[in-house]
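The structure appears below as structure tokens.
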Amino acid sequence: MEKKAEETAAKGTPIVVKGEAALIPQFITTKDMFHEFLDTEWQSSRVCKNREAAEESNEAPVQEPETKKVKLDPEGNDKGGNPDGKHLRGQYKFRPHKKPTTYDERRLCLSVIQDNRECPFGDKCHFYHDVAAYLATKPADIGESCHIYNMYGKCTYGLTCRFAKAHTTTDFKTTENADMVKANEGRTAVKNSLSKELQNRLRKHSVEFRKSVEYLKTLPNNKEKKEHQGNGVAPRASTTESTDAETQAMSEKASAVKTVGMLTDEDVIKLRPCEKKQVDFRDKLYLAPLTTCGNLPFRRVCKRFGADITCGEMAMCTNLLQGQQSEWALLKRHESEDLFGVQVEGCFPDTMTRCAELINNNTDVDFVDINSGCPIDLVYKKGGGCGLMTRTRKFEQIIRGMHHVLDVPLTVKIRTGVQEKSNIAHKLIPEMKNWGVSMITLHGRSREQRYTKLADWHYITTCSQLASPIPLFGNGDILSHEDAMKAKETGVSGIMIARGALVKPWIFTEIKESRHWDISSSERLDVLRDFTNFGLEHWGSDTRGVEKTRTFLLEWLSFMCRYIPVGLLERVPQKINERPPYYMGRNYLETLMASQNVGDWIRISEMLLGPVPPNFNFLPKHKANSYK
């Protein structure tokens, strides 16, 4: 491929390579020339910065260390197990990895951060109480302006903030902007947080599920209960649910308690399906619930570019019922998300129905989505995700149960099927219309197919006709407004965008304005800067929050590097199955953003979040997967 690129650069004639995007010949280069240019420019910029710093401090310039060499064992194998001494892409599973939670382990005690109040743990506290001792071990500040302080007039992280200079006095006191604090008083930018009271009730199994119990009583007894009854043994209670008798007793006990307040119609009369909250899904752009990358800061970026519908990352229903804080964080909603839903995954009617009732009573969402399209083995082998499509009876019970307990619409995301040449979605869709589904999203690939072939939009067209009058959204291979227009011609009610939003989140603007946006590298860097600011708001501005923001930023950059600027393309638009060849951008930053080397992604993160800490190692989670 490098030889072809050299011939192209020499002759000035484009050579079409299968799977590669067609670029203007003058920008195409070789792999060696590409990385040599990036390394040379980066080293020169670092040397210039060192010289400027040395001139100001009258010290000798700091020399760059030599490149670290790969150590081989005596038998000639590296730690990855490759006899050639080279790491196979996506197979270096023995790399040292440091989680963001391990940074800044010796933290400043919360009692010191919060106005120097008395520590409730006393001498048993493992954190710093001496501010001077803590500051001696704290990493250097990243910048002189704190985004959280500028937005809210107060930074809750105080001295632990990596931008503490912006709101700290010489005597180590945290300052506040009284006017901004008063203006933001009572404002809740993020909703759906898990309260300690609810978490304790979930862990003690004291949460009541009246509607769920009412529905589950109508289902035939499960196999486990029948076997226990046949043997004369009482069924064992699940860890996530109590038996029907216990739940009924709890409900009767609760009903005996006197309540205060006026009686409403909802207390007496059950809402009919037509009286439930209605959502108009038609003709909207739907940002797909993306695992890992579809976090709240990324959704905020996409909302700015015109996404109409957003959805949280896939959450496991059993983890939600157990009150896991990390799982509940996936349900958080920002105030800018005006049409927001949550996606849950499960494989049994009892847990999914209870989870739906829990979400309905304790969160603010506009719809709940069932993930019946997840292809990963961890989910599929236990019967969830795509596995639900082959378990029709359980699938029906789950949908009917969740529809029974929800006051908001219930949606479902499915694939064409499990096997590549055996589509079953067209058989399920007419049935789901009778089960209580308000909207269906169809990804035009099977589980086995993954991302090896293009999405089947002809099949999506057939399914959209079968789904009528229920809206059906199509999903797959949308990377330009031309792709979106062709998708709308199939008759779908709307479009869901997944990888296209990761490659270029401004795709929503392109579709709504029907144009190609030749976005500059500086504008793209501003988009990344917005993401980091949103990340500092969401995950924190201390060392732990900064490195967590960096990790998710690098995950996103592993997709964003696939974008090819419009001005460099010989044929517009770029297709999602076309990978960029090695090319030189119109400036250094544009070339740096085109790199698929993780070291260059880290360089971009250093522009926004400062230098990486020692022993920082990063490898995208999807690096070993076939679709990358």
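The values are calculated or read from the model by the stated rules, or taken from the named source; none is laboratory data. Note that the structure is a prediction, hence the values are computed from the model and not measured. No Cβ is skipped: glycine too gets one built from the backbone with ideal geometry, and neighbour counts run over all protein chains shown. Heads up: the accessible areas ignore ligands, DNA and RNA and are worked out on the full protein's heavy atoms, side chains in. Shrake-Rupley method; radii C 1.70, N 1.55, O 1.52, S 1.80 Å.
Key figures
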| item | result |
| --- | --- |
| Conditions (1) in contact (Cβ under 8 Å) with a residue 12 or more places away in the chain; (2) more than 30 Å from residue 161 (Cα to Cα): number failed by residue 489 | (1) |
| Candidate set from segment 184-211 (those that are in a loop (DSSP other than H, G, I, E, B) and among the basic types (Lys, Arg)); member that is least open to solvent (accessible area, probe 1.4 Å) | 187 |
| Filter result (of a type in the set (A, V, I, L, M), open to solvent by less than 70 Å² (accessible area, probe 1.4 Å) and in contact (Cβ under 8 Å) with a residue 40 or more places away in the chain) within segment 138-183 | 142, 148, 159 |
| Exclusive hit being surrounded by fewer than 19 Cβ atoms within 10 Å (Cβ to Cβ) and over 30 Å from residue 360 (Cα atoms), set 446, 422 | 422 |
| Any chance residue 436 is open to solvent by 10 Å² or more (accessible area, probe 1.4 Å) and among the small types (Gly, Ala, Ser) | yes |
| Residue that is farthest from the chain's Cα centre (by Cα) [pool: residues in segment 329-368 that are aromatic (Phe, Trp, Tyr) and modelled with pLDDT of 95 or more] | 367 |
| Meets criteria (farther than 24 Å from residue 191 by Cβ, without any contact (Cβ under 8 Å) to a residue 12 or more places away in the chain and assigned to a helix (DSSP H, G or I)) for residue 433 | no |
| Listing of helices (runs of 4 or more DSSP H) fully contained in segment 309-388 that carry 3 or more residues being surrounded by 21 or more Cβ atoms within 10 Å (Cβ to Cβ) | 317-321, 349-362 |
| Qualifying residue in segment 590-600 (condition: among the small types (Gly, Ala, Ser), touching a strand residue (DSSP E or B) at 6+ places or on another chain (Cβ under 8 Å) and either in a loop (DSSP other than H, G, I, E, B) or modelled with pLDDT of 95 or more (or both)) | yes |
| Test: residue in segment 552-561 that is part of a loop (DSSP other than H, G, I, E, B), over 23 Å from the mean Cα position of the chain (by Cα) and within 18 Å of residue 521 (Cα to Cα) | no |
| Leading residue by the ranking (nearest to residue 575 (Cα to Cα)) among those in segment 17-48 that are among the hydrophobic types (A, V, I, L, M, F, W, C) and assigned to a helix (DSSP H, G or I) | 27 |
| Selection within segment 107-137 - part of a helix (DSSP H, G or I) and open to solvent by 100 Å² or more (accessible area, probe 1.4 Å) | 123, 124 |
| Qualifying residue in segment 212-235 (condition: in a loop (DSSP other than H, G, I, E, B), modelled with pLDDT under 85 and open to solvent by 90 Å² or more (accessible area, probe 1.4 Å)) | yes |
| Considering residues of segment 22-47 that are of a type in the set (A, V, I, L, M) and at pLDDT 90 or above only, the residue surrounded by the most Cβ atoms within 10 Å (Cβ to Cβ) | 28 |
| Any hit, segment 519-533, residues being over 23 Å from residue 310 (Cα atoms), small (Gly, Ala, Ser), open to solvent by 10 Å² or more (accessible area, probe 1.4 Å) and in a helix (DSSP H, G or I) | yes |
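This table checks each residue for (1) over 27 Å from the mean Cα position of the chain (by Cα); (2) at pLDDT 95 or above; (3) among the small types (Gly, Ala, Ser).
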{"site": "427", "(1), (2), (3)": "yes, no, no"}
{"site": "451", "(1), (2), (3)": "no, no, no"}
{"site": "467", "(1), (2), (3)": "yes, no, yes"}
{"site": "477", "(1), (2), (3)": "no, no, no"}
{"site": "501", "(1), (2), (3)": "no, yes, yes"}
{"site": "509", "(1), (2), (3)": "no, yes, no"}
